[in-house]
1. Applying the selection to the stretch 508-533, what residues are in contact (Cβ under 8 Å) with a residue 40 or more places away in the chain, assigned to a loop (DSSP other than H, G, I, E, B) and at negative phi?
2. Name the residue, out of GLN473, GLN497, GLN464, that is in a helix (DSSP H, G or I), closer than 25 Å to VAL368 by Cβ and not basic (Lys, Arg).
3. Within the bounds of the stretch 209-220, is there any residue that is over 22 Å from the mean Cα position of the chain (by Cα), among the aliphatic types (A, V, I, L, M), in a helix (DSSP H, G or I) and at pLDDT 90 or above?
4. Quick test for you: out of LEU449, LEU499, LEU461, pick the one residue that is aliphatic (A, V, I, L, M) and within 19 Å of the chain's Cα centre (by Cα).
5. Residues of the stretch 89-122 being within 39 Å of the chain's Cα centre (by Cα) and not aliphatic (A, V, I, L, M), which ones?
6. Go through the residues of the stretch 604-611 one by one and say whether even a single one is among the aliphatic types (A, V, I, L, M) and assigned to a strand (DSSP E or B).
7. If you go through the stretch 559-567 one residue at a time, do you hit one that is in the same structural domain as ARG298 (by the TED database) and touching a residue at least 40 places away in the same chain (Cβ under 8 Å)?
Amino acid sequence: MTTSGLIKPVLLIRPDHNQNDAAALKNAGLSVLVDPYLIIHPSEDDAPARRLFETLKTAGEGDWLAITSPRTMPNWAQIVGEKLYDVLDSARVRGLKVAAVGQRSASGLNADVIGNRDGTALAEMMIAENETARALIPQSAIARKELGEVLESAGWQVDKAPVYETSIIAGEPISAGAVRCGNISSVLLRSPSAVEALCKLTGAGATKIKAFAVGPTTQAAAKEAGLDVVDVELGNATSVAKTIAAELKKPAFEFKGIPDSDQLPAYHPMLTGLTSESALIRNYRGNRTARPAVWFMRQAGRSLPEYRALREGTDMLESCLDPELAAEITLQPVRRHGLDAAILFSDIVVPARLAGLPVHIEPGVGPVCDTPIRSAEDVAALKELTPEQVEPVSRAAQIAVGELNTTPLIGFAGAPFTVASYLIEGKPSRNLPLTRKMMSEDPETWHRLLDWVARCTVTFLREQAKAGASALQLFDSWAGRLAPHEYREFSKPHSAQVLKGVADLGLPRVHFGTQTRDLLVDMYEAGADVVGVSHDIGLDEASKLFDNSVPLQGNINPVLLAGSWPQLSAEAADVIERGKRAPGHVVNLGHGVDKNTDPRVLTRLVEFIHGRQS
């Protein structure tokens, strides 16, 4: 499976039968998010359905049974029992005829008439067969009236009964925030009830996305609701998917907002094929490899004795900005452990340092900003980061890429929320009080600050990409400190700005945060191709959130690196097994390598992982 990285997901909200649409859309090169907004159940008041069943028992010559949905017969049978089908067979012997809207409604009924449009068209076909007759119509409680009205106007006797109901789910669906933020490209609507559910559960957000409405009745309901409707003819899942793909792949639907005109150079390893077929990239693209791919966050750093020797006496950020030194540190863990990727040695506050802010890494403390950003005036004084200022970092990437050959380099940056929290607090903070103060009391300044961080981050990542990085990862270390509604309002739009800003490069984009089990769908919806998963949720459970359609990365508990080998190897094997639910899986930790980790454990772990079947 290949998932498009340039088009936001198509939302499927039907209560059932989403799998065919999902498969067809994926085959058409689109990503999909399945999130039912409706549930189907037999009518609570079952008396009309039972009365219609009694009528069916005596029906025969001159009578018709009209079925407008594949849900009709199963739900009617739940009310009156499986004997419904025997009674129908007997009525057919007596001369009853069956009419149905669409092949799926007609399935198993040996229908005499099958319409391909709507109730009106079906009624006209039935009238063409019999000038006058009687029609039995089991239907939805909210079925449109045209079928019965057209028949009655032609002199037919019509007996109708609701046999099933479509109800809107309780609570907010996981995709509602994405719809409201515009992080869903479109929604596929196949019924008026789906239109009603979309509008009720997403409010004004429903008007921000394209509504692909299938069939005249759904199209009429969607237009009446004020949605941005694209008419889709009734047809099978493949034909519907082709229509949607043709519309979404028009330029207006592609990610825009490119900050410069430079694309990847012709000699980039992803364009020459040097890294494009590597195990890492294939899994990032959703093409699982037989041997698992593995790398570790913080693999380049304090756990390696060669790193400590090389960096002795050199400040952390100065090490990041020394191209030869940073490149060598980047390469060290790949040489030692045989990993499937290198990640550029840098720090999330490097872009702020390059843009002129007085930030440094204080040993034992972490990132420190000597003049915190806490007012609108502070934000207004910030300078833009230029590609020229990123030259030390891009040069380090070039040197590393030159040594890595077929092993991909991953470029990385901190997500706007996490970086901004350091700039506001002035140093690491567990509860982020000053950050929360700005979010709640001065949201305009907050968003302006994160907009600046996002612009700097896009420039920082693009320069790494042009220097040879084959994939890009956005780290949102503190995202898990936000409730889902806070994340959607204060963080997600700016992470989306970053991921959108590098989308045109065509490189896989990984989005990772710690303690983010409740944010994973939002993090994907922000524009990621791959979701990095912390160790607070199993990979099988995480994959289920995406209908097993999104590549994942993670998520061995890093605490176990200091434990026994049986514990660690069992954990690794379990992670690999759970990761099989996803179309692609890159093994990693649920967080970074601890400085006290024995590097021999990492080497042994890599060998163990490479010996497993993905």
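The values are calculated or read from the model by the stated rules, or taken from the named source; none is laboratory data. All figures in this text were calculated on a predicted structure; none of them were measured in a lab. Note: ideal-geometry Cβ built from the backbone for every residue, glycine included; neighbour counts use all protein chains shown.
1. PRO508, THR514, THR516, LEU519, ALA526, ALA528, ASP529, VAL533
2. On the way: GLN473 fails: in a helix (DSSP H, G or I); GLN497 fails: closer than 25 Å to VAL368 by Cβ.
Testing whether each residue is in a helix (DSSP H, G or I), closer than 25 Å to VAL368 by Cβ and not basic (Lys, Arg) leaves just GLN464.
3. Within the stretch 209-220 (the criterion being over 22 Å from the mean Cα position of the chain (by Cα), among the aliphatic types (A, V, I, L, M), in a helix (DSSP H, G or I) and at pLDDT 90 or above), the answer is yes, since at least one residue qualifies.
4. Values: LEU449 fails: within 19 Å of the chain's Cα centre (by Cα); LEU461 fails: within 19 Å of the chain's Cα centre (by Cα).
The conditions single out LEU499.
5. The answer is GLY102, GLN103, ARG104, SER105, SER107, GLY108, GLY115, ASN116, ARG117, ASP118, GLY119, THR120.
6. If we filter the stretch 604-611 for residues that are among the aliphatic types (A, V, I, L, M), which is where we start, we get 605-606, 609.
With assigned to a strand (DSSP E or B) added as a condition, the list becomes none.
Within the stretch 604-611 (the criterion being among the aliphatic types (A, V, I, L, M) and assigned to a strand (DSSP E or B)), the answer is no, since none of the residues qualifies.
7. Quick first cut of the stretch 559-567, residues in the same structural domain as ARG298 (by the TED database) only: 559-567.
If we keep only those that are touching a residue at least 40 places away in the same chain (Cβ under 8 Å) as well, we get 561.
Scanning the stretch 559-567 turns up at least one residue that is in the same structural domain as ARG298 (by the TED database) and touching a residue at least 40 places away in the same chain (Cβ under 8 Å).
Every residue, every condition in (1) more than 26 Å from the chain's Cα centre (by Cα); (2) surrounded by fewer than 22 Cβ atoms within 10 Å (Cβ to Cβ), yes or no:
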| site | (1), (2) |
| --- | --- |
| GLU384 | yes, yes |
| GLU388 | yes, yes |
| ILE399 | yes, yes |
| LEU423 | yes, no |
| ASN431 | yes, yes |
| LEU434 | yes, yes |
| GLU444 | yes, yes |
| ALA479 | no, no |
